[in-house]
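Worksheet for the structure shown next.
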Amino acid sequence: MIDRLLEQARRHTDGGADALWRRVERTSVAFEWGRLKSAGVTEETGVNLRVRHGGCVGVAGTTAADVSLADLVARALASAALGEAVDLPFPPRAPVPPVPTYFDRAGEASLDHLIQMGRGLLDRLAREGCRVNVALERETAETRVANSAGAAGSYRSSAIAVSADVWRIAGDDVLVLGDAFDGADLPSDAALHAIAASINTRLDRALTVVAPPEGALPVVFTPAGLAALLLPVTQALSGKAVLQGISPLAGKDGQGGVFDAAFSLSDDATCVGRPASRPIDDECVPSRVTRLVERGVVQRFIYDLETAARAKAQSTGHGQRGIFGKPVPGYTNVVLGPTPDGVGARHAVPLQLGGGLLANIRDGLLVDELIGVGQGNVIGGAFSHPVALAYRVERGEITGRVKDAAVAGNVYELWKRVGGFGNDARWTGSRYAPSVLLEGVSVARR
Amino acid sequence: MIDRLTAALGRSRADYTEIRVERTWSTAVTFRGRRLESATASEDQGGFVRVLNRAAGWGVASFTSLDRLDAMVARAHELSRAVRVDPPIRLADVAPHQAEAMLDLDGDVRGVSLAEKKRLLEAYNGAMLAVSDRIVDTLATYRDEVSEYWFVNSDGTILHELRPEVTLSGTAVARRDGTIEKGLESVGLRRGWNSVQDGLAGFRTAAERAVQLLDAPMVRGGTYPVILDPELAGVFIHEAFGHLSEADFVYENPQARAMMTLGRRFGKPVLHVGDNGAAPGLRGTLPFDDEGTPTQDTPLITAGVLVGRLHSRETAATMGERPTGNARAVSFRHAPIVRMTNTYIGNGRGTFDDLIRDVTLGVYACSAFGGQTLLENFSFTAAYGHMIRDGHVAELIKDVVLAGNLFQTLDRIDHIAGDFRWNQMGGGCGKGGQYPLAVTEGAPHMRIEEALVGGDVPA
């Protein structure tokens, strides 16, 4: 279909076209409050077309199976007629790296197998006074991208998501703790065990509630708790933010003193076993590893084709597009520190919470989840969030969970000096990171 | 279409079957800075089937190809049978309805050219850029849709609706050296083209605010008496209390049920809260929910006491209560779950000045950048604020983040003014992977005797 569509588009445009076609099937199972409740399937097919005509770019998308190709081309042309001029070159055919994206065991896993995995997880999490939700989803997809310059790619992919959360309500104290596995292949029994162990370990430590400390303190952020500290940085490393003049990191590439010398960040679209990995991006640019920050020095920003064209840069293979709207620059697998080795890498939480960073803390916090991450003026770097799940650390030991506390600071100040990286690097969604110790984080209590 | 759906219902072997089909035409225009990012027209369509069998669970299927309708009904039946459930799932009775509801399109957006929509947004975006050369970036979006909706179920309900929606939003980013601030404007209406013609002033104000915030100090962290403006009060009641009143949170969780026992006191007698899916002319308003239950006004807190909660047919049956018309899905891609519609804090008495008259040092928190709740704990980021000094509104402040415990905070609401208004904003509510759901919030100004305000914390 995509070839006929491009052929049709080529006849009506003077600057070429590209298109993405995607078919997704999902099977999902949900256990609600400890009981298997529902099973579902999803089948979705859509196509997104971009044309360049008269120097301007237009897009159109549809999920309607009965759409006429001529209609879709006409809508894209109408969109281009209003567009602004951009010198968008569609990339020519180029070698595409081999990236395994489809795993038979995951793609062919039966509904019963998903249900069994869910039951196994429920059994491991059963505990007096607690309720458990478990959700499992298997996705298979077929993606085709092509452009009028002769570049094309097509791949099948599989993805498995398993998530569990435990709810403990005692009077008005509500504690919710969860963890998840995301991978392109089925989780091993060890990986499922790790989800349960991660939840149980953190739950055991949370049963005692202690008063929060106060002041500028050492705080260890777990791989999950790091979200608030990395979000402004990834936003600022987007070529789009640079182009718009709102990136605090613009123009700082190659300079020292911006981040701690031990801070390295990369984006790896070729990482084996990750659902976000792919051989080619959604605009026919081959995938690669992009070093964003190396030993504290900013190396590169991410670009899709249009942002790159406007910024007079090269696409870094970060074009992401859905069925509706135009492509945007987006990350794949963000890795803090050295790139992980091995398929799927570790999902396991280490036995020791805090990744070995707590030993020298006289009084501080271990932060696992914050409330309100992503709200407010993120890219500026200032943050202030109440804790959802955090533990007090006294004389190197976790003494209990703290409630009614908030942490605040400026990420660009905090990342200048890192107290240490933990030995517990793991995947949390599409981010791979260890725990991190930062000094002088403001902690407020009520 | 109705004939096609009822025929498919007739062929279903399940005890209960529902089918929903949607066809949505939408256009979207986006400006970033001075540049048009995109102007597009899209068409989205698909169906959703959900079935239930005795001693079995829900089987659900969603699909974009309507040719697959019969196959998906059969597949949902198989899935349901594969899920053994004990005790069985029951659904509360709802009388069958047959209705054609063609909402007022108020200037059908499908009859307006993409070029006209671009011109409108260009003017609004231009108003933000014209405020100051400190405005270094803007993001302005216009989105509209008309959705044709069909719903049938095996209880005999047959619905056919035409639903319009139009949303406008603007973000203005002001910068001076390393300081970056933003101002927001957002409008969301279940109406059409005629309703979005006078938005210029709102966009300009957002940009002016961003520039003013460059010079505003960060609020000093601590506890204060806090007055919320109607917009932030609305977001607060939605996030901090509304989600707890969704019965899927409590119906099969004995501890949660104990925490949310009807008759429990949650606040002072001034506090009245409800959810009204039938309120005329609001974005969260529809005649029926996505299970075919009529929408209604549901009191949740009356004079400080918990009196009700929001239900689907399943949660209502389990708890022996009545369905409230709150089972909603964002699209054919999802199953209906318990959601809010138009959530409100009821009107109080007096004016804004009455709330601040006896406050010597406090915070006036206005508008919302966002809010998140983790049940008993919440966090809201006000778009801006003012200090209140000796009974008067004083200097502009920024980075006003309100954090707290729900139970304590509700109980500390001690004064509610009589200046209620609905806030017709864009965006929407997210839950269970379903975002953005069209909802509205409404409230008067209200005062919290004491609340934790995050910000600059002295080391």
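Computed from the coordinates by the stated procedures, all read-outs in this text should not be read as laboratory data. Please read these numbers as outputs of a predicted model, since none were measured by experiment. As a convention, Cβ positions derive from the backbone with ideal geometry for all residues, glycine included, and neighbour counts pool all protein chains shown.
Would you kindly compute the Cα radius of gyration of segment A:1-95 and its largest Cα-Cα separation (Dmax), both in Å?
Here Rg and the maximum Cα pair distance are 18.4, 59 Å.
What residues of segment B:149-185 lie in the reach of a label at B:ASP215, counting those whose backbone N is under 20 Å from a point 7 Å from the Cα along Cα→Cβ?
Under cut-off, by backbone N: B:172-184.
By a straight-distance test (C-alpha under 13 Å), which aspartates and glutamates pair with B:LYS268 as possible cross-link partners, with residues fewer than eight away in the same chain excluded?
Partners within reach: B:ASP411, B:ASP414, B:GLU449.
Along the charge dipole of the protein assembly as shown, which of B:TYR251, A:TYR412, B:ILE19 sits closest to the positive end, that is, farthest toward it, with unit charges on the beta carbon of Lys, Arg, Asp and Glu (+1, +1, -1, -1)?
With unit charges placed on the Cβ atoms, the residue in question is A:TYR412.
Calculate the mean, over all residues of peptide B:316-328, of how many other protein chain Cβ atoms lie within 10 angstrom of the residue's Cβ.
Averaged over the peptide's residues, the number is 0.
Let me confirm one metric for peptide B:366-375, namely the mean number of other chain beta-carbon atoms within 10 Å of its residues' beta-carbons.
5
Per q in 0.08, 0.13, 0.15 Å⁻¹, report the Debye log10 I(q)/I(0) for segment A:209-445, using one uniform scatterer on each alpha carbon and no solvent.
Log10 I(q)/I(0), no solvent term: -0.31, -0.79, -1.02.
Roughly how tilted is helix B:69-82, in degrees to the nearest 10 and between 0 and 90, from the longest Cα axis of chain B?
90
Tell me which of B:GLY418, B:ALA438, B:GLY371 sits at the most positive position along the dipole axis of segment B:371-443, charges placed on C-beta atoms (Lys, Arg +1; Asp, Glu -1).
B:ALA438
Rounded, prolate or oblate, given the Cα gyration tensor of segment A:2-206, with a/c below 1.5 counting as rounded?
Because a/c hits 1.5 or more and a/b exceeds b/c, segment A:2-206 counts as prolate.
Jot down the radius of gyration and Dmax of the protein assembly as shown, Cα atoms only, both in angstrom.
According to the Cα coordinates of the protein assembly as shown, Rg and Dmax are 26.7, 73 Å.
With charges set only on the Cβ (+1 for Lys and Arg, -1 for Asp and Glu), what does the dipole of chain A come to about its Cα centre, in debye to the nearest 20?
Around 460 debye, computed over chain A.
Does segment A:250-324 come out rounded, prolate or oblate by the C-alpha gyration tensor, with a ≥ b ≥ c the root eigenvalues, rounded set by a/c under 1.5 and, if not, prolate when a/b is larger than b/c and oblate if not?
oblate
Just for chain A, what percent of DSSP beta bridges are antiparallel, to the closest 5?
Antiparallel: roughly 95 percent of the beta bridges in chain A.
Of B:MET259, B:MET446, how do they rank once you tally other Cβ atoms within 10 Å and put the fewest first?
B:MET259, B:MET446
To the nearest 20 Debye, how big is the dipole of chain B about its Cα centre, given +1 on the beta carbon of each Lys and Arg and -1 on that of each Asp and Glu?
I would put it at about 660 debye.
Specify the angular offset, from 0 to 90 degrees and rounded to the nearest 10, of the alpha carbon long axis of helix A:2-12 from the longest principal axis of the alpha carbons in chain A.
For helix A:2-12, the angle is close to 50 degrees.
Give me the net charge for the shell around A:ARG362: Cβ to Cβ below 13 angstrom, other residues only, Lys and Arg +1, Asp and Glu -1.
Its environment carries a net charge of -2.
Which lysines does A:LYS326 reach when only Cα atoms under 23 Å apart count, and residues fewer than 8 places away in its own chain are ignored?
A:LYS326 reaches A:LYS240, A:LYS312, B:LYS117, B:LYS118.
Tell me the angle of helix A:69-82 to the major Cα principal axis of chain A, expressed in degrees between 0 and 90 and rounded to the nearest ten.
Tilt of helix A:69-82: around 80 degrees.
When all C-alpha to C-alpha distances in segment A:358-446 are sorted into bins of 10 Å, what percent of pairs does each bin hold, rounded to whole numbers?
Taking all Cα pairs of segment A:358-446, the binned fractions are 15, 46, 36, 3 percent.
Given B:HIS392, A:ILE169, A:MET1, which one lies farthest toward the positive end of the charge dipole of the protein assembly as shown, if we put +1 on the Cβ of every Lys and Arg and -1 on the Cβ of every Asp and Glu?
Value: A:MET1.
Could you tally the net charge around A:LEU49, taking each other residue with its Cβ under 14 Å from the Cβ of A:LEU49, Lys/Arg +1 and Asp/Glu -1?
Overall, the nearby charge balance is +3.
Just grab the label-to-label distance for A:ARG4 and A:GLU397, each label 7 Å out from Cα along the Cβ direction, in nm (one decimal).
Once both label points are built, they end up 7.2 nm from each other.
Run the helix sum for chain B: -39,500 (n - 2.57) per DSSP H stretch of 4+ residues, divided by residue count, reported at 222 nm to the nearest 500 deg cm²/dmol.
Calculated mean residue ellipticity at 222 nm is -5500 deg cm²/dmol.
Beyond 28 Å, how much of the Cα-Cα pair distribution for segment B:157-309 remains, as a whole percent?
In whole percent, the share of Cα-Cα pairs in segment B:157-309 beyond 28 Å is 45.
At q = 0.11, 0.14, 0.16, 0.17 Å⁻¹, work out log10 I(q)/I(0) for segment B:222-454 with the Debye formula, treating every Cα as an identical point scatterer and leaving solvent out; two decimals please.
Debye curve over Cα of segment B:222-454, log10 I(q)/I(0) at q = 0.11, 0.14, 0.16, 0.17 Å⁻¹: -0.52, -0.84, -1.08, -1.21.
Let me make sure I get this right: for chain B, a, b and c are the square roots of the gyration tensor eigenvalues over alpha carbons, sorted descending. Under 1.5 in a/c it's rounded, otherwise prolate if a/b > b/c, else oblate. Which is it?
Since a/c reaches 1.5 but b/c is at least a/b, the shape of chain B is classed as oblate.
Which value, in nm² and rounded to one decimal, describes the direction-averaged projected area of the C-alpha convex hull of segment B:2-213?
Hull-based average projected area comes out at 15.8 nm².
In straight Cα distance, which lysines are under 20 Å from A:LYS416, not counting same-chain residues fewer than 8 positions off?
A:LYS252
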